[in-house]
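See structure below.
The values are calculated or read from the model by the stated rules, or taken from the named source; none is laboratory data. These numbers come from a predicted model, not from an experiment. Every residue, glycine as well, gets a Cβ built from its backbone with ideal geometry; the counts of neighbours run over all protein chains shown.
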Amino acid sequence: MGTDGITDRLTSLTDTPAVGGPAQEPVVLAIAQDLVTRYRLRLADNRDSRLAGLDATYDLAAASWTGQRAALVAFYTPQDTDGAGHDLARRCEAARRWGQERLQLQGAQVCDILLVALRPVTGAISTTVDPAERVRIGAAWVDAEHGTAEQLLPIPPNLPSVSDLRRHARAIQGGAVAPTLAAVDLAERQTVAGGYVAPVRRAMVTQPYLTYAFIAAFVAVYLVEKTRISSFDPTCGLLSLGALPNSADIALGNCAAAAAPTDWWRYISSAFIHDPTDYLHIIFNGLAMLWIGRIVEQLYGRLVLAGTFLVTAAAGNLVWIAATAMGFAPVTISFGASGGISGLVGLLLVLGRVQGRNVPPGLASGVRQYAVLVIVINVVFGFVNSGVNNFAHLGGLVAGALLGLALPPLAHVGGRDLRPAEQIALGAVIAVSAIALVIAGVTFVQAGPAGLSLPAS
């Protein structure tokens, strides 16, 4: 966004003269309170040296100085009717330079800026927005006297929209009492003192319904195993239900149907099966899913929970098959949810490192420590119990940590919204997994009751 281009587009703009002290205007204070509570920005004014690079006077501003996203919302009163276009062009160019500086000093990935004129500004504006631009500048004007607002340049996401500005203007026009500057300042201090944890607290008390659904699925499949799989030959029964063998030779003999590591759907279906001869297997995995899954669901959302569990369960099984091919694992079958649960642990292990840097530091640190404790317990248990598939655990853990570098926590807890490509990818994983489970169910029905029991993952 160059200076010349903006000037050319804005030279015809005009505005009405300023009246009164802008910083005391009720509409500014009403919007400012939203900025510090809802958008988590910090108040600033012309005395703040961090605003020096803007090369212009602003009546009031709010900014984000930390995290992966820098942001600035600044209010100004146009003084010169004839020069409004040139003034806004100059402010935009200075704001662009300021944003680039914040990217370097702050280490942010993007910088979103919104300049708000406190008087109507007329004129048509058109600009080409480069999707790759890391500094995104929007502009608007708001007029509380007439209860309206208009967008001048596209407003970046996660900043007040023109509808928000218009809503505040109409409220003030209708006689709503605006907060004082002292009240806005107090709201900011209370938000900062609380560590921005209020949204997180709300998230952590929401019901993790998808976690409960996963546990219910484990129990339902287990009941099928107990009632339909023969205790005399449980191996064939588990294979017919969807357990994963690391050799096709296991399915020979009295089994009704052949099974092989090349059956792609078994990499998913095996995660929902547990040892029908050992109640502790499903009890431990059910509790682990409750303790780990609910945290992931509350911090990352249901889509990330489902996608991560399914992907890492398959990844853990792939690592186990590779270890078998290299002679590190004996010929057997694998089943159980702990590979996917290990993936959820891996996701939590990197919380706040790359994604979720705006998650309250105390919470992020506590979750990571909890993940480390779970890993240590899992390692100790894995080496003590020879029937545990440590390769599936390790593969799931590493896959989950890698996903955690790309998948963010929810925006309201300090992460960001999933990008469309991420939503599509996770949705595709869930759809393919649903097909895998359908195939497993059809295979089991066709094979009829049989039996099994071997190492659980």
Near pairs, Cβ below 7 angstrom, 6+ apart or cross-chain, from the range 381-406 (free of Cβ contacts under 8 Å to residues at least 24 places away in the same chain and over 22 Å from His281 (Cβ atoms)) to any residue that is part of a helix (DSSP H, G or I) and of a type in the set (S, T, N, Q): none
task: Please work out if Leu41 is over 21 Å from Pro160 (Cα atoms) and modelled with pLDDT of 80 or more.
output: no
Answer from Leu105, Leu114 - the residue that is of a type in the set (A, V, I, L, M, F, W, C), out of contact with any Cys (no Cβ under 9 Å at 6 or more places or on another chain) and assigned to a strand (DSSP E or B): Leu114
- line: Filter the range 64-84 for residues that are over 24 Å from Gly414 (Cβ atoms) and out of contact with any strand residue (DSSP E or B) (no Cβ under 8 Å at 6 or more places or on another chain); the one that is surrounded by the most Cβ atoms within 10 Å (Cβ to Cβ) is Gly83
- prompt: Is there a residue in the range 45-55 that is under 18 Å from Ala139 (Cα atoms), at pLDDT 85 or above and in the same structural domain as Ala139 (by TED's automatic domain parsing)?
  reply: yes
- request: Starting from the range 313-325, take each residue that is more than 16 Å from Phe272 (Cβ to Cβ) and list its partners that are surrounded by fewer than 24 Cβ atoms within 10 Å (Cβ to Cβ), counting only C-beta distances under 6 angstrom and pairs at least six apart or across chains.
  value: Ile321/Asn246; Ile321/Pro261; Ala323/Ala329; Thr324/Asn246
task: Select from the range 337-369 the residues that are part of a helix (DSSP H, G or I) and surrounded by fewer than 17 Cβ atoms within 10 Å (Cβ to Cβ) and list them in ascending order.
output: Pro361, Gly362, Ser365, Gly366, Arg368, Gln369
- prompt: Do the conditions hold for Thr211, that is, is it surrounded by fewer than 17 Cβ atoms within 10 Å (Cβ to Cβ) and either at pLDDT 80 or above or small (Gly, Ala, Ser) (or both)?
  reply: no
